[in-house]
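Colleague: Quick one: this structure, given as structure tokens, is what I'll be asking you about.
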Amino acid sequence: MSDSCTKHPISLAPMVDKTDRDWRWIMRHITKKSLLYTEMITAPAIVRGNRDKLLAFDPLEKPLVLQLGWDEPEALAESCRISEDYGYDEINLNCGCPSDKVQRHDFGAALMARPEHVARLVEAMSAATSLRVTVKNRIGIRSKKSNLSLEDYSDLHNFIKTVSSAGCGKFIVHSRIAILEGLSPRANRDVPPLRPEDVYRIKEDFPNLFIEINGGYKTPQQIDEALSYVDGVMLGRIALDNPWMLSQVDRRWFGSDILEYQSTTRRAVLEAAVPYLIRRAEEGASRGVLIQPLMNFFAGEKGAKAWKRTLTAVPSAGPEGFAGALEDAVTALDSNLLD
């Protein structure tokens, strides 16, 4: 296991329409150590699209992983060659997304039905870049339309064995199967039952691989338990629903100095975030999208609902009033909440 793997026991999951560069910038002020991921970007979009718009990021966001989706080795290899120059730390292949749009192009979770093909994709990607190529997958898939059921542990074992033989040394495994018809991507995060024991068993069977688990982790205690079995935990919805929980990450799981941890306050994050958000709004970023990372910033605290109501009204102030309204929203907060 390489040093780059062991440095990141906690990562924040790639989430479509959520984990954009502005969200990542703010999260990096809450946790400096966690491994961050981009939203999934398709290989053809990188090859044929606006590369700077898709791939550029603030160096502050590092360490950062680019997640790619597609099923053609040539396009994935070319997107890897292009992306490496932007300074990413790893490149991840999505083998877990169950959306209908993704399935129509036969990538995402559908790739789990073709482990030998995934191995060829990993080989092509690895040959095109010096960056580590990793895979994010489910524990299995089910498709009534295709009369396909790959839900047993033996299917997961075969997938990991086949793909790792192509040189992939790191797998992020969502501990639910993906149901490819009849469930929305949102329902696929909740309805199929979690089976973390399957992921733990994979680590036992493949001790030399870096195995990271994803799915349903909400408390430090749950994360601690998972880390007693696997190498890493990927956090998803909790980073949206209660982002301040991530302020515990650096001290608890990365061993950061306690003084560094104590200096992290909501006030400090907002003092950095407000001028950043104002600048991004002036550059043309959507004001409504910009405030989303802060909506649940005070989750569980007295005053959280009032903060969300105030923040929701900020974009309606218009371009000229956005800065003042955002600053006023922060000024109205109780010092006990901020410090």
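Colleague: Could you say whether any residue in the stretch 97-106 is closer than 17 Å to Gly167 by Cα and either β-branched (Val, Ile, Thr) or in contact with a strand residue (DSSP E or B) (Cβ under 6 Å, 6 or more places away or on another chain) (or both)? So that I can check it myself, show each step before the final result.
Modeller: Initial filter on the stretch 97-106 (closer than 17 Å to Gly167 by Cα): none.
The answer is no; no qualifying residue exists.
Colleague: Here is a check on your reading of the model: is Asp339 under 24 Å from the mean Cα position of the chain (by Cα) and not small (Gly, Ala, Ser)? Spell out the reasoning first.
Modeller: Values: under 24 Å from the mean Cα position of the chain (by Cα): no; not small (Gly, Ala, Ser): yes.
Spelling it out, it is not the case that Asp339 is under 24 Å from the mean Cα position of the chain (by Cα) and not small (Gly, Ala, Ser).
Colleague: Let me ask something additional. Any residue in the stretch 47-64 that is more than 19 Å from the chain's Cα centre (by Cα) and in contact (Cβ under 8 Å) with a residue 40 or more places away in the chain?
Modeller: no
Colleague: So, one more: For a quick check of your reading of the model, give me the residue pairs whose first member lies in the stretch 1-22 and is within 13 Å of Asn92 (Cβ to Cβ), whose second is at pLDDT 95 or above and of a type in the set (Asp, Glu), with beta-carbon atoms closer than 6 Å and at least 6 apart or on different chains.
Modeller: Filtered contacts from the stretch 1-22: Pro14/Glu39; Thr19/Glu39.
Colleague: Here's another thing I want to ask about it. Looking for whichever is over 24 Å from Glu61 (Cα atoms), touching a residue at least 60 places away in the same chain (Cβ under 8 Å) and in the same structural domain as Leu227 (by TED's automatic domain parsing) here; the options are Leu111, Leu180. Which one fits?
Modeller: On the way: Leu111 fails: touching a residue at least 60 places away in the same chain (Cβ under 8 Å).
Exactly one of Leu111, Leu180 is over 24 Å from Glu61 (Cα atoms), touching a residue at least 60 places away in the same chain (Cβ under 8 Å) and in the same structural domain as Leu227 (by TED's automatic domain parsing), namely Leu180.
Colleague: Of the residues that make up the stretch 180-192, is at least one buried (at least 23 other Cβ atoms within 10 Å of the Cβ) and modelled with pLDDT of 95 or more?
Modeller: no
Colleague: So, of the residues in the stretch 45-71 that are touching a helix residue (DSSP H, G or I) at 6+ places or on another chain (Cβ under 9 Å) and assigned to a helix (DSSP H, G or I), which turns out to be farthest from Ile30 (Cα to Cα)?
Modeller: First pass over the stretch 45-71, keeping only residues touching a helix residue (DSSP H, G or I) at 6+ places or on another chain (Cβ under 9 Å): 45-47, 51, 54-58, 60-64, 66, 68-71.
Keeping just the survivors that are assigned to a helix (DSSP H, G or I) gives 45-47, 51, 54-55, 60-61.
On the way: Ala45: 31, Ile46: 30, Val47: 33, Arg51: 28, Leu54: 24, Leu55: 23, Leu60: 12, Glu61: 11 Å.
Looking at residues that are touching a helix residue (DSSP H, G or I) at 6+ places or on another chain (Cβ under 9 Å) and assigned to a helix (DSSP H, G or I), I get Val47.
Colleague: Restricting attention to the stretch 305-319, does a residue exist that is among the charged types (D, E, K, R), farther than 18 Å from Leu240 by Cα and in contact (Cβ under 8 Å) with a residue 12 or more places away in the chain? Walk me through how you get there before you give the answer.
Modeller: The initial filter retains those residues of the stretch 305-319 that are among the charged types (D, E, K, R), namely 305, 308-309.
So of that shortlist, the ones also farther than 18 Å from Leu240 by Cα come out as none.
No, there is no match, as no residue in the stretch 305-319 is among the charged types (D, E, K, R), farther than 18 Å from Leu240 by Cα and in contact (Cβ under 8 Å) with a residue 12 or more places away in the chain.
Colleague: (1) part of a helix (DSSP H, G or I); (2) under 27 Å from Ile10 (Cβ atoms); (3) modelled with pLDDT under 95: which one isn't true of Cys97, the others all being true?
Modeller: (1)
Colleague: Got at least one residue in the stretch 72-90 being of a type in the set (D, E, K, R), assigned to a loop (DSSP other than H, G, I, E, B) and in contact (Cβ under 8 Å) with a residue 60 or more places away in the chain?
Modeller: Filtering the stretch 72-90 for residues of a type in the set (D, E, K, R) gives 72, 74, 78, 81, 84-85, 89-90.
Add one more test, that the residue is assigned to a loop (DSSP other than H, G, I, E, B), and what stays is 72, 85, 89.
If we keep only those that are in contact (Cβ under 8 Å) with a residue 60 or more places away in the chain as well, we get 89.
Yes, the conditions are met somewhere in the stretch 72-90.
Colleague: Same structure, new question: Taking the stretch 107-121, which residues are in contact with a strand residue (DSSP E or B) (Cβ under 8 Å, 6 or more places away or on another chain) and not in a helix (DSSP H, G or I)? Give the steps one after another, and end with the answer.
Modeller: So in the stretch 107-121, the residues in contact with a strand residue (DSSP E or B) (Cβ under 8 Å, 6 or more places away or on another chain) come out as 107-113, 118, 121.
Result: Phe107, single match.
Colleague: Loosely packed, with under 15 Cβ neighbours inside 10 Å and in a helix (DSSP H, G or I) - does that describe any residue in the stretch 18-41? Please lay out each step first, then the result.
Modeller: The initial filter retains those residues of the stretch 18-41 that are loosely packed, with under 15 Cβ neighbours inside 10 Å, namely none.
Looking for residues that are loosely packed, with under 15 Cβ neighbours inside 10 Å and in a helix (DSSP H, G or I), one finds none in the stretch 18-41, hence no.
The values are calculated or read from the model by the stated rules, or taken from the named source; none is laboratory data. Since we're looking at a predicted model, the values are computed, not measured. Positions of Cβ are generated from backbone atoms using ideal geometry, with glycine treated the same way; all protein chains shown enter the neighbour counts.
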